[in-house]
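The values are calculated or read from the model by the stated rules, or taken from the named source; none is laboratory data. A quick note: this is a predicted structure, and the numbers were derived from the prediction, not measured. Glycine also receives a Cβ, built like all others from the backbone with ideal geometry; neighbour counts cover every protein chain displayed.
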Amino acid sequence: MAGCGHHHDTTFDGVSADYRRRLWLVIAINAGTFGVEVVGGALAGSLALQADALDFAADAATYGLSLAVIGAAAAIRSRAAMAKAVSLLLMGAWVFGATAWAVFGTGVPRADIMGGIGVMALAANLLSVLVLARYKDGDANVRSVWLCSRNDAIGNVAVMLAAVGVWLTGTPWPDLVVAGIMAGLFLTSSVSILRQASRELRTGIVDPHAGHAH
């Protein structure tokens, strides 16, 4: 599929009516799931669930930014991708900080609420991944959208594992460990996007094979 970044000479830049429709659908999914998760995270007292809710909110905003710069000059698209990478970096730093603080004193999260919300969020994210799977490769702007969706799905599986761990151990440690892992995922994705966007901005060339690091 040339439109998905597999052609040897061109890289998909998001200029597609089908891609725009898919992005709007994913924005709606993310915004709705954020609302459910932010309430559920507060009720459950789960840092991992709150981190996942924050991820949903950030994704809805960054997908909107992706829509705004589709068709713009390569330099503008690369800068937009860099802005999204910085937001991931800040989000990862916040979760790391909150996790470190919680180590010194936190209650045991509600495993039942964590698990229930986690299942719902995973279903929403798997739907988003399926909607965007056709366009997982492309320039830094397109690639960042795919990485955010993939991270969400991984994060939801981790939240459900944390819920099982909390239920089995009766301690908050599984929740804190998963929150820390999610923060690390945010940071590594940020670095991946920043590297590709910086290269595109510096050279003015969109590499069709860049951004494949997971």
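Brief remarks on what is shown
- For the stretch 39-50, the candidate set comprises residues that are assigned to a helix (DSSP H, G or I) and surrounded by 18 or more Cβ atoms within 10 Å (Cβ to Cβ); within that set, the residue that is farthest from the chain's Cα centre (by Cα) is 44.
- The requirement of being over 27 Å from residue 31 (Cβ atoms) and part of a helix (DSSP H, G or I) is fulfilled somewhere in the stretch 175-183, by at least one residue.
- Any hit, the stretch 185-200, residues being modelled with pLDDT of 80 or more and among the basic types (Lys, Arg): yes
Yes/no per residue for (1) touching a residue at least 12 places away in the same chain (Cβ under 8 Å); (2) under 14 Å from the mean Cα position of the chain (by Cα):
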| site | (1), (2) |
| --- | --- |
| 97 | no, no |
| 104 | no, no |
| 108 | yes, no |
| 116 | yes, no |
| 123 | no, no |
| 131 | yes, no |
| 146 | yes, yes |
| 153 | yes, yes |
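For every residue, the table says whether it meets (1) crowded, with 19+ Cβ neighbours inside 10 Å; (2) over 26 Å from residue 164 (Cα atoms); (3) among the aliphatic types (A, V, I, L, M).
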{"residue": "17", "(1), (2), (3)": "no, yes, yes"}
{"residue": "27", "(1), (2), (3)": "yes, yes, yes"}
{"residue": "37", "(1), (2), (3)": "yes, no, no"}
{"residue": "52", "(1), (2), (3)": "yes, no, no"}
{"residue": "58", "(1), (2), (3)": "yes, yes, yes"}
{"residue": "61", "(1), (2), (3)": "no, yes, yes"}
{"residue": "89", "(1), (2), (3)": "no, yes, yes"}
{"residue": "112", "(1), (2), (3)": "no, no, no"}
{"residue": "132", "(1), (2), (3)": "yes, yes, yes"}
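- Yes/no for residue 71 being part of a loop (DSSP other than H, G, I, E, B) and either modelled with pLDDT under 85 or surrounded by fewer than 21 Cβ atoms within 10 Å (Cβ to Cβ) (or both): yes
- Answer residue from the stretch 76-124, given it is in contact with a Gly (Cβ under 9 Å, 6 or more places away or on another chain) and not in a helix (DSSP H, G or I) and is modelled with the lowest pLDDT among those: 106
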